[in-house]
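Here the structure comes first, spelled out in structure tokens, and everything after it is commentary.
The values are calculated or read from the model by the stated rules, or taken from the named source; none is laboratory data. As the structure is a prediction and not an experimental result, all values here were calculated from the model. Virtual Cβ from ideal backbone geometry, glycine too; neighbours counted across all protein chains shown. Accessible surface is based on the protein model in full, side chains and every heavy atom, while ligands, DNA and RNA are left aside. Shrake-Rupley method; radii C 1.70, N 1.55, O 1.52, S 1.80 Å.
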Amino acid sequence: MRSQIIRQLRRLHSYRASDPIEEELRGWNYHMPPIKPRRYLGLSMSDVAYRYCETKRDVYLRKVLKVQGEQRASLLLGQAIHEIVRNVSNEVIKLLSSGYKPWNVLETLFRSNKIVRNVCPQQFIKYCEEVYKAYALDLLSDFSDSTSFVPVISEFKVDGSPLGLSSRLSVDAIMQLSLVVEMKVGSSQEFHRLALAGYGMALESALELPIDFGALIYVNGVTINSPEFKVEVFYISPDIRKEFLDARDEVIDMVSQEKDPGMPVSCSPSCPFLNYCNNKR
């Protein structure tokens, strides 16, 4: 996986050279517009970036009407996969640092995968076990293929409040303090890139270091039996930074004005507010 990220990064350097990021769009300029928010509402990254509900009515229901959404199977699976990946990453790093050989790491991990049954919904146990094994193999193949294996920092906490976001944002991972990484379960969505931009600027505000690139790691979901990992690396360009800031300001205005944005043309079956909205039609 690391080798895939590096190969894609090499092709992106020319984009950064031809479209450099203006100073005003760096996260460390959170005291000035456009980074400075109109209001500080402690928004989550999903509040701002995600468009599973096209009109953002899910955010209105959650933040203004304080409606409690239902736990959907797809959401529970995503949470379980994130916890499994975090656990595997930490265990691999710990065991390798203790002098274990890669094959000994695998033996140890495969003997002690209780985390799967602790966090995964019963109907997804078999699939989660396969994700656990596949991700461990992937990390260890990075170790074997590289002379400078750099561990992934899993579940990196960052204060997003200077940007009007939550004070406890959780970034799936960062690599070499320059690349922000997010893992998603299911299909690729354009708005996932907005989350990378948001996390990148939040990290810039906290670390005072430029974050120019982001990687999305997709786990295919349970549509087929075996897990597959797909990596997409992006330049966090000026345009995508502006798009994120516009989306943030749109949500700030909606919540501040308590204005119902209305129902979308179609609803996602995985929306936690699906039954609420249908009952209110």
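Restricting region 162-192 to residues that are among the charged types (D, E, K, R) and farther than 17 Å from LEU77 by Cβ, which is surrounded by the fewest Cβ atoms within 10 Å (Cβ to Cβ)?
GLU190
Restricting attention to region 97-145, which residues are open to solvent by less than 30 Å² (accessible area, probe 1.4 Å), modelled with pLDDT under 85 and farther than 28 Å from GLY186 by Cβ?
Within region 97-145, just PRO102 meets the criteria.
Of all residues in region 1-36, count the ones that are modelled with pLDDT of 95 or more and either within 20 Å of the chain's Cα centre (by Cα) or open to solvent by less than 30 Å² (accessible area, probe 1.4 Å) (or both).
6
Conditions tested, residue by residue: (1) part of a helix (DSSP H, G or I); (2) open to solvent by less than 70 Å² (accessible area, probe 1.4 Å); (3) touching a strand residue (DSSP E or B) at 6+ places or on another chain (Cβ under 6 Å); (4) within 15 Å of VAL59 (Cβ to Cβ).
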{"residue": "GLU232", "(1), (2), (3), (4)": "no, yes, yes, no"}
{"residue": "ARG241", "(1), (2), (3), (4)": "yes, yes, no, no"}
{"residue": "ASP249", "(1), (2), (3), (4)": "yes, yes, no, yes"}
{"residue": "ASP253", "(1), (2), (3), (4)": "yes, yes, no, yes"}
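Pairs needed: first member in region 67-79, farther than 16 Å from ASN275 by Cα; second member anywhere, of a type outside the set (A, V, I, L, M) and part of a loop (DSSP other than H, G, I, E, B); C-beta distance under 7 Å; at least 6 residues apart or different chains.
Matching pairs, first to second residue: LEU76/PRO121; LEU77/PRO121.
Show the residue pairs meeting these rules: Cβ distance below 6 Å; 6+ apart or different chains; first residue within region 37-60 and within 14 Å of GLU258 (Cα to Cα) and open to solvent by less than 40 Å² (accessible area, probe 1.4 Å); second residue in a strand (DSSP E or B) and not basic (Lys, Arg).
none
Identify all residues within region 255-268 that are in contact with a Ser or Thr (Cβ under 6 Å, 6 or more places away or on another chain) and open to solvent by 30 Å² or more (accessible area, probe 1.4 Å); write none if there are none.
PRO261
Restricting the first residue to region 184-210 and requiring it to be outside any helix (DSSP H, G or I), which pairs with a second residue that is aromatic (Phe, Trp, Tyr) meet a Cβ separation below 7 Å and a spacing of at least six or different chains?
Going by the 7 Å Cβ cut-off, the qualifying pairs are LYS184/TYR218; SER188/TYR218; PHE191/TYR50; GLU208/TRP28.
Checking CYS271 against (1) over 30 Å from TRP28 (Cβ atoms); (2) open to solvent by 30 Å² or more (accessible area, probe 1.4 Å); (3) not acidic (Asp, Glu), which test does it fail?
Here CYS271 meets the rest and fails (2).
Would you be able to say whether some residue in region 205-218 is closer than 22 Å to ARG86 by Cβ and open to solvent by 20 Å² or more (accessible area, probe 1.4 Å)?
yes
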